[in-house]
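Just so it is clear, none of the values below were taken in a lab; they were calculated from the coordinates. Since the structure is predicted, the reported quantities are computational estimates derived from the model, not experimental observations. In this analysis, Cβ positions are derived from the backbone assuming ideal geometry, glycine residues included, and neighbour counts consider all displayed protein chains.
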Amino acid sequence: MTPGNSTQPDTSSSACLKIFRGTSRDDGEYQIFDIVFEDGESVLDALVALRRDRAPDLAVRFSCFNANVCKECTMLIDGEVQYACLAKLKPGETQIDPLPNRKLLRDLITDTVSDKEKL
Ligand code: FES
């Protein structure tokens, strides 16, 4: 293979992530991030990369990271409750919100413990 003359197909795409930020649903706002991703990357992959590189204060909960074991990465992705580690990135805009009907703690994190289970 000649350097600079790759035979590998370009598998990258562009997306715009519109992410809810804030500690109150009434006062929160959306922050827009334009990203480039590779085919097969998950929404959680993008959120972790954003935290690492551009928004270190972005609150997102996850534990097992793409093993779909912990069930902690649930959020609204384009209006559907999904696991961020399973949801694949797609070209174009994707809106990401915290779970509905749960107390919002910050950004994409909600209180997932029922009142009966709290100590
Ligand atoms: S990160 Fe554990 S289920 Fe998604």
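Structure values in brief
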item	result
Given (1) free of Cβ contacts under 8 Å to residues at least 60 places away in the same chain; (2) on the phi < 0 side of the Ramachandran plot, number of the condition Gly79 does not satisfy	(2)
Filter result (over 18 Å from Phe33 (Cβ atoms) and buried (at least 16 other Cβ atoms within 10 Å of the Cβ)) within segment 86-119	Leu99, Leu104, Thr110
Some residue of segment 90-101 being within 16 Å of the ligand (Cβ to nearest atom) and either of a type in the set (D, E, K, R) or touching a helix residue (DSSP H, G or I) at 6+ places or on another chain (Cβ under 8 Å) (or both)	yes
Scope segment 102-119; condition of a type outside the set (A, V, I, L, M, F, W, C), in a strand (DSSP E or B) and within 16 Å of the ligand (Cβ to nearest atom); matching residues	Thr110
Hits in segment 71-80 (condition: outside any strand (DSSP E or B) and either under 22 Å from Lys103 (Cβ atoms) or near the ligand (Cβ under 6 Å from one of its atoms) (or both))	Lys71, Glu72, Cys73, Gly79
Selection count, segment 95-119, where residues are touching a residue at least 60 places away in the same chain (Cβ under 8 Å) and of a type in the set (Asp, Glu)	2
Test set (1) more than 17 Å from Ala15 (Cα to Cα); (2) under 10 Å from the mean Cα position of the chain (by Cα) - Leu89 fails condition number	(1)
Test: residue in segment 59-70 that is in a helix (DSSP H, G or I), closer than 15 Å to Ile109 by Cα and within 16 Å of the ligand (Cβ to nearest atom)	no
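Matching residues to (1) of a type in the set (D, E, K, R); (2) free of Cβ contacts under 8 Å to residues at least 40 places away in the same chain; (3) closer than 16 Å to Glu93 by Cα:
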residue: Ser14; (1), (2), (3): no, no, yes
residue: Lys18; (1), (2), (3): yes, no, yes
residue: Arg25; (1), (2), (3): yes, no, no
residue: Glu38; (1), (2), (3): yes, yes, yes
residue: Glu41; (1), (2), (3): yes, no, yes
residue: Val48; (1), (2), (3): no, yes, no
residue: Arg51; (1), (2), (3): yes, yes, no
residue: Ala55; (1), (2), (3): no, yes, no
residue: Val60; (1), (2), (3): no, no, no
